[in-house]
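Asks: I'd like to ask some things about the structure below.
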Amino acid sequence: MAPSKAAAAKPARSDTIKPVEKLVAISYARVSTAGQATDDTSGIERQEVAIQQWLRQHPDYELNREIRYVGSGAKAGRFEWFIDELQQGRLPQGTCLVVEKMSRLGREELDDTFETLIRIFKAGGALAVCSLAGGQVLRSLSSQQGAVYQLAGSIDAARVEWEERRDRKRGSDAMKRRMIAEGAKPFKARAKGKRCASYPFWLDFDERSGQFKTNDHHIWVHDVFLWAQEVGAVTIARRLAERGIRQLTNRRKLISPAHVTTILRNRAVLGERQHLSKRQASGEPVPGVYPPIVDTDEWRLAWDAINSRNARQGAVAHRNLHNLFEGRIFCAHCQGRVGYGTSRYDLANGERKVYYYLRCNTHYKDRASCPAPQQPYNEDRLLERLQTFRWAEYFNDARHDADVAAARDRVLAAEAKVAEVQQIIQRLRQAEDGFIADGRAWPVRLEDQRNEVERNLLDAEADANVARAGLDALRRRRTGKDAAAAIQARVSAFMASDRTDVESRQQFNRWLFAEGIVIAYDLIADRFELGTGKISPQGLLLELDQRLEDAAAFGIPVEEFREFIETRDRAIAAQLTPP
């Protein structure tokens, strides 16, 4: 039977046309900063449009992947991944790296760039620059010499362009720093829809008035410093999350403990501006640039608490803080730390008993160094002593009023100095206008004098800001019965709470650090004294101030004894001060 026409028209299986296997291309787009990655004029998108056009012009290539890189083009070692994959066979020989223009490939020196290209070519790779020689594919430097010469010129031009931009940026930064140091505010308002700016995120800048003003973010930033007096970065981050506070640059992410630590280290909250060079501090911070949102007292209290927590982390053996007074209780005999221990023994009825005690760490390490024995750990007894302590005498209203008056005098004197310097500057400016009106040159000596006076103004304004911050801190500080009531309420609240809660115990311990409260425990006589004290970096008790408590115990009028102490201390200080 003869085959049908349809069967005759069908080609045999061996005659089927196989598709041509395409060459591999990798798109490489680079920007220097994350902000440029979203900028159509010089960012990733524009480069990728050019590369897509190159692919349409070279249909024999198929895109394998797109590489996006954010970083400096002057940084070496950015193509090690490409060379490694070629050498290990993960990419086929002839794979072409496609870039928009030479500056996107790199801005290294000519020799360094050629060395990188030679390594790519020897590994079996190729290069195509969309803006160079019509996007010609280069596989070596020894062929197609015309393109190589263009390539060399393009590499050199990219390097020169980068150096010019770098020099302009350095000059611009130097001028900006000089203007800021002289009291000017060369800032711009935050662009619409942009979160980044050259000043803190809790501030906005009004270009018409040339002044900063705080936004809503300053409220929770201020709270971070208040919380840091009692709790660590992890707890602060959790509290911010409970408030719904998220990262400004990525609203999907919560603020991390590391972000909290960065905020705590940022002295811009005090109004200072720290210039940076490659993300490192450069020079001394300039005060008075921003409106402060944290006073110097709040900064000091926060960092005293942070440093105290850091200093004792290595010494706290009991993570659950069984000893509520860890790091705050010292041996009255050797001034060393009093630690916490447990021992277990079996009762006659078979029950196991746990015995908790306080011990002198010095005695524990070397019994010959300190005779102090161990004593039972009685937390209620120590807390009750905190309750009955004469806090009102420590936070005397009369002394506080005197401190406020002295701080106010310092503010008035500082403001008078600022006004005096401003008047001198005004007179020099009027004199300069007179020289210009007469057609005379402004003398160099007068220019030098004005520059010196303007620097004096900056110093005077900084002194005034510090004085105002000190006065504000004093005015907000609790005194007398209010301070005593606040401390006693804190102790009462803790005693009434679930005292087995680990975080609650840690917060109370940190509060003891923040208040500077210390306990000197005589483990031989089983009695202890309470006061405010100073501790050495080695962890020894240097001083326990309990003189007012002693005076009250002996029936001496507290105010009369305080006046005696202050008079005596002033006399001693006068004797120690050199003439």
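Asks: Please go through the stretch 267-287 and pick out each residue that is open to solvent by 30 Å² or more (accessible area, probe 1.4 Å), at pLDDT below 80 and closer than 25 Å to N456 by Cβ.
Replies: Q274, S282, G283, E284, P285, P287
Asks: Sticking with this structure for a sec: Run down V411, V421 and say which single residue is open to solvent by less than 50 Å² (accessible area, probe 1.4 Å) and over 31 Å from the mean Cα position of the chain (by Cα).
Replies: V421
Asks: Kindly indicate whether E379 is modelled with pLDDT under 80, out of contact with any Pro (no Cβ under 6 Å at 6 or more places or on another chain) and surrounded by 14 or more Cβ atoms within 10 Å (Cβ to Cβ).
Replies: No; evaluated as a whole, the condition is false for this residue.
Asks: Do we find a residue being modelled with pLDDT of 85 or more, open to solvent by less than 40 Å² (accessible area, probe 1.4 Å) and assigned to a helix (DSSP H, G or I) anywhere in the stretch 203-221?
Replies: There is at least one residue in the stretch 203-221 that is modelled with pLDDT of 85 or more, open to solvent by less than 40 Å² (accessible area, probe 1.4 Å) and assigned to a helix (DSSP H, G or I).
Asks: Let me ask something else about it. All but one of (1) open to solvent by less than 70 Å² (accessible area, probe 1.4 Å); (2) part of a loop (DSSP other than H, G, I, E, B); (3) modelled with pLDDT of 90 or more hold for A25, so report the exception by its number.
Replies: (2)
Asks: Going through the stretch 343-387 one residue at a time, which ones are polar (S, T, N, Q) and assigned to a loop (DSSP other than H, G, I, E, B)?
Replies: Here is the first cut: in the stretch 343-387, the residues polar (S, T, N, Q) are 343, 349, 361-362, 369, 374-375, 378, 387.
If the condition is that a residue be polar (S, T, N, Q) and assigned to a loop (DSSP other than H, G, I, E, B), then N349, S369, Q374, N378 are the ones that fit.
Asks: Every residue in the stretch 494-523 that is surrounded by fewer than 18 Cβ atoms within 10 Å (Cβ to Cβ) and among the hydroxyl-bearing types (S, T, Y), please.
Replies: Hits for the stretch 494-523 are S497, T500, S504.
Asks: In the stretch 228-258, what residues are in a helix (DSSP H, G or I) and surrounded by fewer than 19 Cβ atoms within 10 Å (Cβ to Cβ)?
Replies: Residues satisfying the conditions are V234, T235, R238, R239, A241, E242, R243, P257, A258.
Asks: Residues of the stretch 437-474 being open to solvent by 70 Å² or more (accessible area, probe 1.4 Å) and basic (K, R), which ones?
Replies: R440, R445, R455, R468
Asks: Also: Quick check, is T342 farther than 30 Å from F212 by Cβ and modelled with pLDDT of 80 or more?
Replies: Against the criterion (farther than 30 Å from F212 by Cβ and modelled with pLDDT of 80 or more), T342 qualifies.
Asks: If you don't mind, another one. Restricting to the stretch 288-299, and then to whatever is modelled with pLDDT under 85 and either at positive phi or not in a loop (DSSP other than H, G, I, E, B) (or both), can you tell me which residue is surrounded by the most Cβ atoms within 10 Å (Cβ to Cβ)?
Replies: Only one residue tops the list, namely E298.
Asks: If you check every pair at least six apart or on different chains, which have Cβ atoms under 8 Å apart with a residue in the stretch 409-429 that is of a type in the set (V, I, T) first and a residue that is open to solvent by 60 Å² or more (accessible area, probe 1.4 Å) and part of a helix (DSSP H, G or I) second?
Replies: V411/R468; V418/E461; V421/N456
Asks: Looking at (1) closer than 24 Å to A258 by Cβ; (2) loosely packed, with under 13 Cβ neighbours inside 10 Å; (3) at pLDDT 70 or above, which is the one condition that is false for R195?
Replies: Only one criterion is unmet by R195, namely (3).
Asks: Restricting to the stretch 320-354, count the residues that are open to solvent by 50 Å² or more (accessible area, probe 1.4 Å) and more than 29 Å from S308 (Cα to Cα).
Replies: 10
Asks: From W303, W391, grab the single residue that is within 27 Å of D223 (Cβ to Cβ) and at pLDDT below 80.
Replies: Every option except W391 fails the conditions.
The values are calculated or read from the model by the stated rules, or taken from the named source; none is laboratory data. No experiment lies behind these values; they were computed from the predicted model shown. Note that we place each Cβ from the backbone using ideal geometry, even for glycine, and neighbour counts take in every protein chain shown. The accessibility values were calculated without ligands, DNA or RNA, using every heavy atom of the protein model including side chains. Shrake-Rupley method; radii C 1.70, N 1.55, O 1.52, S 1.80 Å.
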